[in-house]
Amino acid sequence: MKPLYYAIMKYMTKVDKASNLDVINALKNESGNFKMLRPEAVEEALMTAKANGILDEAGVELEEENKLSIFYKVTDYGREMINRFISD
């Protein structure tokens, strides 16, 4: 099993865009035991990757209860780095 951050980054190379909740839903069967697989922690991982140029914002949506979901997409640079250093 990959470390959670690696699993998140690898997942982002396989989708056009995703929010923190999309990531959680996709990884919960594989990584459900990780205590960090929570909306706030996954959002922080996505924001950190954005700050490092691996991800970029792909849009926002207003969800139920007026919660804002930020969607991210992998950059060309990010895809190259992720695929180079994280195997499937």
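All of the numbers you see were taken from the coordinates with simple rules; none came from a lab. Fair warning: this is a prediction, and the values are worked out from it, not measured in the lab. For neighbour counting, all protein chains shown are included, and Cβ atoms are generated from backbone atoms with ideal geometry for every residue, glycine included.
For GLU30, are the conditions met, namely being surrounded by 11 or more Cβ atoms within 10 Å (Cβ to Cβ), within 14 Å of LYS2 (Cβ to Cβ) and in contact (Cβ under 8 Å) with a residue 12 or more places away in the chain? Criteria met by GLU30. Scanning segment 34-88 for residues that are assigned to a helix (DSSP H, G or I), more than 15 Å from LYS14 (Cα to Cα) and charged (D, E, K, R) yields GLU40, GLU43, GLU44, LYS50, GLU64, GLU65. Quick one: is LYS17 of a type in the set (D, E, K, R) and touching a Phe, Trp or Tyr at 6+ places or on another chain (Cβ under 6 Å)? Yes, satisfied.
Taking residues in segment 47-58 that are farther than 11 Å from TYR77 by Cα, and partners anywhere that are of a type in the set (Lys, Arg) and surrounded by 15 or more Cβ atoms within 10 Å (Cβ to Cβ), the pairs with Cβ atoms closer than 6 Å and at least 6 places apart or on different chains are ALA58/LYS17; ALA58/LYS73.
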